[in-house]
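Asker: Submitted below is the structure of interest, expressed as structure tokens.
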Amino acid sequence: MRISFSYFAIPIIAICGLSNAFAVDNSAQVRNRADEFASKGMEFTLKECSIPTTCGGMPFIKQRKEKRETGNDLVVEERTLEFEGLIVELGFALEYPPGKAIKDPYKHPSILGLTITQPRWPVVHGLRVGVDRALVIQTLGEGTIQGECIEYVSVKKQDSVLICLKNNRVNSIKWVPWSDA
């Protein structure tokens, strides 16, 4: 009885094809995770906060305020709140058009940026300050290298996150949501 080569080749080809399909699916999962991390990752950390007064149960240690008019005729107040190991940048719409006050402008601040520099602050997927670069790459993929940092950009929302490293460990994480103000 003669055994045909095709009886052996078909299962091997099918298995190889499945492993490639798994790799494609896995890389799509990583890309989606990175996209979501860039656009929504800071929300996980901000759950610890009662903006604009406390974060992690601690009051801010430093605050800077600046009032300005945007190119869209919107008068805004930008605040930077510094907590231990955390910087939150906020924007409040005060007037539109200039001279016409917006009702209750401090009720819903816009988050203009969030920077984490200490491991005490929770980050989604366990990517806290201090974790190894390998965990970042495994979780979010390669990203775009910018000096000592890796940038991930949300394709859907154009938000970005910059994960900076020192000695192959996360030194800081900075989210920058997209804004047209």
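Asker: How many residues does the range 30-71 hold that are in a strand (DSSP E or B) and either touching a Lys or Arg at 6+ places or on another chain (Cβ under 6 Å) or of a type outside the set (D, E, K, R) (or both)?
Answerer: Number satisfying all stated conditions: 8.
Asker: Assess whether THR139 counts as being more than 18 Å from GLY56 (Cα to Cα), of a type in the set (Val, Ile, Thr) and touching an Asp or Glu at 6+ places or on another chain (Cβ under 6 Å).
Answerer: Answer is no for this residue.
Asker: Further question on the same structure: Looking only at the range 140-178, which residues are among the hydroxyl-bearing types (Ser, Thr, Tyr), over 8 Å from the mean Cα position of the chain (by Cα) and closer than 20 Å to PHE44 by Cβ?
Answerer: Listed by number, the residues that qualify are SER154, SER172.
Asker: Report the residue count in the range 69-90 for those that are among the β-branched types (Val, Ile, Thr) and under 11 Å from ILE51 (Cβ atoms).
Answerer: Number satisfying all stated conditions: 1.
Asker: Pairs, please: C-beta under 6 Å, at least 6 apart or cross-chain, first residue crowded, with 20+ Cβ neighbours inside 10 Å and in the range 166-180, second of a type in the set (Asp, Glu)?
Answerer: PRO177/ASP159
Asker: Conditions: (1) at pLDDT 90 or above; (2) on the phi > 0 side of the Ramachandran plot. GLY99 meets all but one. Number of the miss?
Answerer: (1) is the only condition that GLY99 fails.
Asker: What number of residues within the range 121-167 are of a type in the set (D, E, K, R) and more than 30 Å from VAL76 (Cβ to Cβ)?
Answerer: Total meeting the criteria: 6.
Asker: Looking only at residues in the range 148-176 that are assigned to a loop (DSSP other than H, G, I, E, B) and within 24 Å of SER27 (Cα to Cα), which one is modelled with the lowest pLDDT?
Answerer: Among those that are assigned to a loop (DSSP other than H, G, I, E, B) and within 24 Å of SER27 (Cα to Cα), it is VAL155.
Asker: Output the qualifying pairs, or none if there are none: Cβ atoms under 6 angstrom, residues six or more apart or on different chains, first residue in the range 104-118 and within 10 Å of TRP175 (Cβ to Cβ), second residue basic (Lys, Arg) and surrounded by 14 or more Cβ atoms within 10 Å (Cβ to Cβ).
Answerer: THR115/LYS174
Asker: Just for the range 113-143: of the residues that are of a type in the set (Ser, Thr, Tyr) and over 16 Å from GLU36 (Cα atoms), which one is surrounded by the fewest Cβ atoms within 10 Å (Cβ to Cβ)?
Answerer: THR117
Asker: Moving to a separate point now. Which of (1) within 30 Å of GLN138 (Cβ to Cβ); (2) at pLDDT below 90 is the odd one out, the single condition ILE10 does not satisfy?
Answerer: (1)
Asker: Within the range 72-87, how many residues turn out to be more than 26 Å from SER172 (Cα to Cα), without any contact (Cβ under 8 Å) to a residue 40 or more places away in the chain and not in a strand (DSSP E or B)?
Answerer: Of the residues in the range 72-87, 1 are more than 26 Å from SER172 (Cα to Cα), without any contact (Cβ under 8 Å) to a residue 40 or more places away in the chain and not in a strand (DSSP E or B).
The values are calculated or read from the model by the stated rules, or taken from the named source; none is laboratory data. Only a predicted model underlies this, so the values are computations on that prediction, with no experimental measurement involved. All Cβ positions, even for glycine, are placed from backbone atoms using ideal geometry, and neighbour counts span all protein chains on display.
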